[in-house]
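What follows is a single structure, written as structure tokens, with notes after it.
The values are calculated or read from the model by the stated rules, or taken from the named source; none is laboratory data. As the structure is a prediction and not an experimental result, all values here were calculated from the model. Cβ placement follows ideal geometry from the backbone for every residue including glycine, while neighbour counts extend to all protein chains displayed. In case anyone asks, the SASA skips ligands and DNA or RNA and just uses the protein heavy atoms, side chains included. Shrake-Rupley method; radii C 1.70, N 1.55, O 1.52, S 1.80 Å.
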Amino acid sequence: MSQNAPLLEMRNVTKDFFGNVVLKDVSFSIERGEILGLVGENGAGKTTLMKILFGMTVIQDTGGYGGEILLEGKPVSYKSPLEALDDGIGMVHQEFSLLPGFTATENILLNRESTNYNFMTELFGDRMRTLDRAEMKTRAEKAIEKVGVKLDENTPVSEMPVGHKQFTEIARELEKENVKLLVLDEPTAVLTESEAEILLKSMRKLSEEGIAIIFISHRLQEIIEITDKTLVLRDGRIIQETPTDQTDIEEIAQAMVGREIHAEGDRAEVRTFNAPHLIVNNLWVDMPGETVRNISLEINKGEIFGIGGLAGQGKLGIPNGIMGLYPAGGEVRIDGKTIPLNNPREALDASMAFVSEDRRDVGLLLDEPIDWNISFTGMQMQKRFLKPVLGGLFRLRDDKAIEDIANHYIEALEIKCMSPRQKAKELSGGNQQKVCLAKAFVVEPDILFVSEPTRGIDVGAKKIVLDTLKEYNREKGTTIIIISSELEELRSISDRIAIVDEGRISGILPASEPSKAFGLLMLGKVDSKGDSK
Amino acid sequence: MNPLQKVVEKTGWPRLIIGLFLLSLFIIAPFAGVKISTSLNDTLVRFGMNGILVLAMVPMIHSGCGLNFGLPLGIIAGLLGGTLSMQLGATGPMSFFIAILLATPFAVIFGWGYGALLNRVKGGEMMIATYVGFSSVAFMCIMWLLLPYNNPTMIWGYGGTGLRTTISVEGYYLHALSDFLAIRIGDFVFPTGMILFVLLLNFLVWVFMRTRTGTAMTAVGSNPVFAKASGVNIDRTRTISVILSTWLGAIGILVYQQSFGFIQLYMGPFYMAFPAVAAILIGGASVNKASILNVLIGAFLFQGILTMTPSVMNSLIQTDMSEVIRIIVSNGMIIYALTRVKKGAK
Amino acid sequence: MKRIIIRSAALLLLLLLALFFFYTGKGHTILLDNKTVTLGGTEYAAVNMLEVRVDRGEEREVLKRDRIKEDVVGQGHKITVTYLDKGVEKVVEEKFRIKTGQAMYLISLPGLIGGAEGWIEPFDVEP
Amino acid sequence: MKKPDRKSVIFFLESNAVPILFLIIISIGVPYSGFSVDYLVQEIIIRLSRNSFLVLSLLVPIMAGMGLNFGMVLGAMAGQIGLIFVTNWNIVGLQGIGLAMILSIPLSILLGWMSGKILNMAKGREMVTGFILAFFMNGVYQLVVLYGMGSIIPIGNPSMVLSRGYGIRNTVNLINIRQTLDSLIPLKIGNIQIPVATFMVIALVCLFIVWFRKTKLGQDMRAIGQDMHVAESAGINVERTRIIAIIISTVLAGFGMILYLQNIGTLNTYNSHEQVGMFSIAALLVGGASVNKGKISHAFLGVTLFHLMFVISPMAGKNLIGQAQLGEYFRVFVSYGVISIALVLYAYRKLKEKERAGTALAEAQEEK
């Protein structure tokens, strides 16, 4: 083992998912005891990079990766996260992987419990060893001490505050004997300020002990405060790799969101509106992972209104809440008429339509044909595509009309399929998205919510989807609210863009403002706006 | 993939094996000295008897409530209808229609309650349905003893109170359907009325599945979140499907009785759900997808095996293994379906 | 390696235990006969009345020309016969072993008292 | 001592609703049944010795999050096959019981392994699958015992074989081993017989379960019971552990069935096992267990309450309404009803918990 080699080095790591390049030539290294800040927008490739490091099975299932990973100078390639753990690489996930009914001790030592010998092991194997509770307690205490927090090791996780859960999880990684490198994925997102403070302190302590840390965070302040080196990823490439003391928040923000200015030409002409159409007051939505806390908006008739922000900040909660798919409260008015919440039917009756970000679970009937998918909402809500039978005694599905409308949209949106009777699950992501759009268009809504319309689809389809939306807006005068993580996409199509941060609007700007302004809003760095903290 | 594989894939191994097994039974039968005409006749009759009970699976499978192990609840509604019709003194074929009429409100009420319960336990429907079926049968055992029926053909002869375990429907609705337009060729009797009635109900359900509500039902079963986002009231749709299933169960048992000739009370309906569940699965349905074709094929295959195995086996090896074969085939089929759920979806 | 040995030993032990249970728990039926018999050319006359006890079971009377049934468990047994020989009470005690595979044995009590060779023999019921 | 406040009283009542309901039914029923206290105590002791072991066999899969093991019937079948052989070979007394147990082990392991494999294919649907599996294996059991025994598997004892020459008769008399364990260490207090040795065996299995909970394997099962994915990502072999849980349960159920039948003294070849699963599960639930929680105390309390109800209901039915039959049906109804209620409550709570995780947050929002 060469002492000069860095602890971890990645050389030209490249990864594509079926031709869709998500990582290109990523090279960096991290020394013992170094804290590396990894930042980037959602979809920049951070998660994929970590998945490659840990040898998650998804990576192998999708054809592996290119390039090399060296741990202490030796090339490594893990087949499963467990192998990475054996080599001393630990990860703390965003979503807790803790057992609620187990105590902190039991969770920290999960599957690594201290045990005592008894004779039964000779007969039935090592798993018959009995737990050594006393020893486990000491080990857990030691690990908790290492994190540098006060935590009762006998409390069941279900009774812990969120911060303690996070600490428990970190303690679990630290308890592993040979831990050299720790990956913390957004550890502070769920913590209160004082808790985050404690965590940062303990990170510093760990780095002094020689443990390297890869710190993924959207809170740039923390990145600046604690890391030795900052790495900015965008579109699968390393945009910036600098010692942290030589950069500042603005520069990082710029690097994160700034893009080549090719889209600039497509920018919509500047339009002005003055007829408020949809008014939202003090909306809260309880959507797991996308909580909306307090949002007020005023959207004009005929406008394309963009909502952006980082993942998990609540932008997706807004349409889901207004459309009644998640518990919500507050006030929503259309043309002065209040729309009852928590009932999708009311929302649909108010001539709103929604293209969900979750195509597979919400947007489509995967096991049913395309024509069903397109016509279903229209049939249920507006009693269309039905034909009277026996002199109007009752009405049956009009398969002909359904097929016709499907064919119409297949043509209009260039949906690639074999026939309108093809099952939705057999389509590619882009074509599925078009089906979802067609379903919304069929009901001819006054207000159309489109959530992440281009997520996971290829460039060509992206353009068709965006163009279709724009065209639809221009032709029918439909108010469109588009929610997307891709700022440039929003800027290319919207009139105004609101940025959501921590469940609140951190600012609303015309789409023509420079990217950097939005970038700062996303990172919660602008204090001038009223209700951001 | 060659065409043969494709056929196998589409039909599914179990259905293919069972189909071939039945076919081989029909081929062997003449050599074993079993009369084809009687076997075919028996198969047809049993197909008619059970067809609607199998059909009762369809609405609930469609709306995502899983296999209707709670069929006994519907059967109980049918039993109430049948016994009440007799109690009220209706006779002849008329009593059959009165029975259906009387069973309907019970089926609707039971189905509504049962549906409301299932809406509160989404995800655990099948096990709960089984035990709801069992407990309602056990509860009705008490009721059959206590309810003040007094038609002498129905109550215990020796001065006791309570209904008999088996009540003959002779003079009431025995063969009310079976004899309608029945065609006799030698000892082969084609129960036209019953078959027509079964086909009619199958057709009605098929039509219902094409209405707006029926379409919503399929969507709820296929993807409840999608349905909700499209403005469908999921709980209401599920409840309608359960009511429909229960009502079909009630009619199913009445059709069964008019052919069989007896009303079986007390523990009679206890295990009745299982053959129906097995039949529709053999017909090619899965826990969350079923069609009318599955009903017809399944009822025919399953009942065919039940009729053919004992007669052929008996004459071949002088041993009646039909009961054992029935248990293994039907439950094996259910296990097969249960272990295969959710492949592809999600 | 150690574990394999211990496990095989445990398995063997279980097997031995099963065999032990099988042999010691095997039930047999012994028919006790008080009839005049000819064994090895000698005639042994039935005794008027005698009392017989197998192992630690209860004492039972066997009248002349009578046959009683006794259930025993295992292979090694002891039989105690008490009888009156010309007014004098005599006790004959004999130990014997029987085969596990044989369900039923016939003991001729006069033969036993007379000290004949074949006083015990296997007995099979014709099916 | 802490003074119990209203909330905790309500919580106690809510979480022990089933045992409390049973206590009420019984306290109404006992006076009407007209049985003497001595008789009832004796009955309870007999039932405890007879059924506890079977009920205890359910605990391990509950721990592993696999719900109520409706597939325990498979173990019962293995035990019965052991007993059939032992009776055929005429092995008497304790040795007979011991040998039957040893014979049942490989069979139980095989059946348990198979059942575990199948349940792994039907995750989240373990109970209904186990339930149907029990029916399915009942067919296989009949195939073996009714057609295989005496023809392929030699049965020497003609009194056990059906007159047609093969297949085991409907009832097998277990006179050889009848109550030999119960009466091994005789103890009589007043008029009440206590089968000390049987209780010692039951105590042994309790000790095993207590000890087992403390092992690594037990801990792994608890972990899997809470969250399969977390356990998996911590490197626990989930599928294998679940299979082991079912195997343990099946083996114990086999032993339990042998103890149960040695007390009864006759084996109903084709029926004995059928009801055992249902009664054991109902008893455990009556004791206050649920689909995801089961303690040893639940088993004993459950057997006591459930079987007390069983003993008194025919007489109480007769004296109350004049029909013993009514009491019979009543207890059948109660058995199924109890299982239904437990299953409904469990599924309902699971659904509610999912919703509540959301509403708690929403309420917090609203208050702001």
If unit charges are put on Cβ atoms (+1 for Lys and Arg, -1 for Asp and Glu) and the dipole of chain A is taken about its Cα centre, the option from A:Ile59, A:Leu325, A:Pro445 lying farthest towards the positive end turns out to be A:Pro445
Note to self: with every protein chain in place and a 1.4 Å probe, chain A gives an accessible area per residue in Å² of 41 Å²
Reported to the nearest 10 Å², A:Asp335 has, with a 1.4 Å probe, an accessible area equal to 100 Å²
Taking only protein heavy atoms and a 1.4 Å probe, the highest-to-lowest accessible-area order of B:Met86, A:Met91, C:Met1, D:Met228 is C:Met1, D:Met228, A:Met91, B:Met86
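For chain A, rounded, prolate or oblate, judged on the Cα gyration tensor with a ≥ b ≥ c (square roots of eigenvalues), a/c < 1.5 rounded, else prolate if a/b > b/c? Intermediate values should be presented prior to the final figure.
On the way: a/c = 1.88, a/b = 1.65, b/c = 1.14.
Cα axes put chain A in the prolate bin.
Keeping every protein chain in place, order D:Trp89, C:Trp119, D:Trp113, B:Trp144 by accessible area at 1.4 Å, biggest value first, i.e. largest first. Can you show the working numbers first?
Details: D:Trp89 80, C:Trp119 30, D:Trp113 120, B:Trp144 0 Å².
Accessible-area ranking of D:Trp89, C:Trp119, D:Trp113, B:Trp144, largest first: D:Trp113, D:Trp89, C:Trp119, B:Trp144.
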Along principal axes, largest first, the alpha-carbon spread of the stretch C:26-122 in whole Å comes out as 39, 31, 20
Descending packing, highest mean Cβ count within 10 Å first, for D:127-133, A:242-248, D:233-239 is D:127-133, D:233-239, A:242-248
Phi angles of the stretch B:38-50, converted by Karplus (6.51 cos²θ - 1.76 cosθ + 1.60, θ = phi - 60°) into ³J(HN,Hα) in whole Hz with x for Gly and Pro, give 5, 4, 5, 4, 4, 4, 5, 4, 5, 4, x, 4, 9
HN-Hα couplings for the stretch D:232-242 via Karplus (6.51, -1.76, 1.60; θ = phi - 60°), in whole Hz with x for Gly/Pro, come out as 4, 6, 7, x, 7, 7, 5, 4, 5, 5, 5
Straight-line reach check, C:Lys78, cutoff 26 Å on alpha carbons, 8 or more apart in-chain or any other chain, hits among lysines -> C:Lys26, C:Lys35, C:Lys64, C:Lys69, C:Lys86, C:Lys90, C:Lys95, C:Lys99
Any lysines whose Cα falls less than 26 Å from that of A:Lys146, other than same-chain ones fewer than 8 residues away, would be A:Lys137, A:Lys165, A:Lys176, A:Lys180, A:Lys201, A:Lys205, A:Lys229, D:Lys216
Dividing the surface of the Cα convex hull of the stretch B:1-130 by four yields a projected area in nm² of 12.5 nm²
Reported to the nearest 10 Å², D:Lys318 has, with a 1.4 Å probe, an accessible area equal to 110 Å²
Toy charge model, Lys and Arg Cβ at +1, Asp and Glu Cβ at -1: chain A dipole around Cα centroid in debye, rounded to 20, equals 1220 debye
For B:Lys6, the accessible surface traced by a 1.4 Å probe with all protein chains present amounts, in square angstrom to the nearest 10, to 130 Å²
Computed ³J(HN,Hα) along the stretch B:271-286: with the Karplus parameters 6.51/-1.76/1.60, θ = phi - 60°, integer Hz and x for glycine or proline, the list is 9, 5, 5, 5, x, 5, 4, 4, 4, 5, 5, 4, x, x, 6, 10
Which residues qualify? For D:Ile155, with a placed amide H closer than 5 Å and at least 5 residues away or on another chain, they are D:Gly150
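In what sequence, largest accessible area first, do A:Lys439, A:Lys24, D:Lys214 appear using a 1.4 Å probe?
On the way: A:Lys439 20, A:Lys24 85, D:Lys214 120 Å².
Accessible-area ranking of A:Lys439, A:Lys24, D:Lys214, largest first: D:Lys214, A:Lys24, A:Lys439.
So what is the accessible area of the stretch B:18-148 per residue, in Å², with the probe set to 1.4 Å?
Values: 4210 Å² over 131 residues.
I get 32 Å² per residue for the stretch B:18-148.
Using +1 on the beta carbon of Lys and Arg, -1 on that of Asp and Glu, and nothing else charged, what's the dipole of the stretch A:116-244 about the Cα centre, debye to 20? Working shown, then result.
Numbers: 19 positive and 25 negative charges, 36 e Å.
About 180 debye.
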Residues meeting the amide H criterion for A:Gly67 (H placed from the backbone, H to H distance under 5 Å, 5 or more places apart or on another chain) are A:Thr14
Given unit charges at Cβ for Lys, Arg (+) and Asp, Glu (-), the dipole magnitude of the protein assembly as shown about its Cα centre in debye, nearest 20, is 2980 debye
Farthest towards the positive end of the dipole of the stretch B:3-340, among B:Ile335, B:Ser178, B:Ser95 and with Cβ unit charges of +1 on Lys and Arg and -1 on Asp and Glu, lies the Cα of B:Ile335
Net charge (Lys, Arg +1; Asp, Glu -1) of residues whose beta-carbon lies under 14 Å from that of A:Leu151, A:Leu151 excluded, is -2
The long-range amide H neighbours of A:Asp495, using H built 1.01 Å from N in the peptide plane and a cut-off of under 5 Å, are A:Ile304, A:Phe305, A:Gly306
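Helix-derived [θ] at 222 nm for chain A: sum -39500 (n - 2.57) over DSSP H runs of at least 4, divide by residue count, nearest 500?
On the way: 18 runs with 177 residues, N = 533.
Result for chain A: -9500 deg cm²/dmol, rounded to the nearest 500.
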Using the Kirkwood radius over Cα pairs of the stretch B:3-340, the Stokes-Einstein translational diffusion coefficient at 25 °C and 0.890 mPa s, in µm²/s and rounded to a whole number, is 119 µm²/s
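At a Förster radius of 56 Å, what calculated FRET efficiency corresponds to the Cβ-Cβ distance of A:Ser351 and D:Lys7, to the nearest 0.05? Don't jump to the answer; show the numbers that get you there.
Numbers: r = 47 Å, r/R0 = 0.84.
The formula returns an efficiency of 0.75 here.
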Rh_Kirkwood(the protein assembly as shown) over Cα pairs, Å, one decimal, evaluates to 36.7 Å
Placing +1 on each Lys and Arg Cβ and -1 on each Asp and Glu Cβ in the protein assembly as shown, then taking the dipole about the Cα centre, the residue among D:Ile91, A:Ala353, D:Ser297 whose Cα reaches farthest towards the positive end is D:Ile91
To the nearest 10 degrees, the tilt of helix D:6-15 (Cα long axis) against the first principal axis of the alpha carbons of chain D is 30 degrees
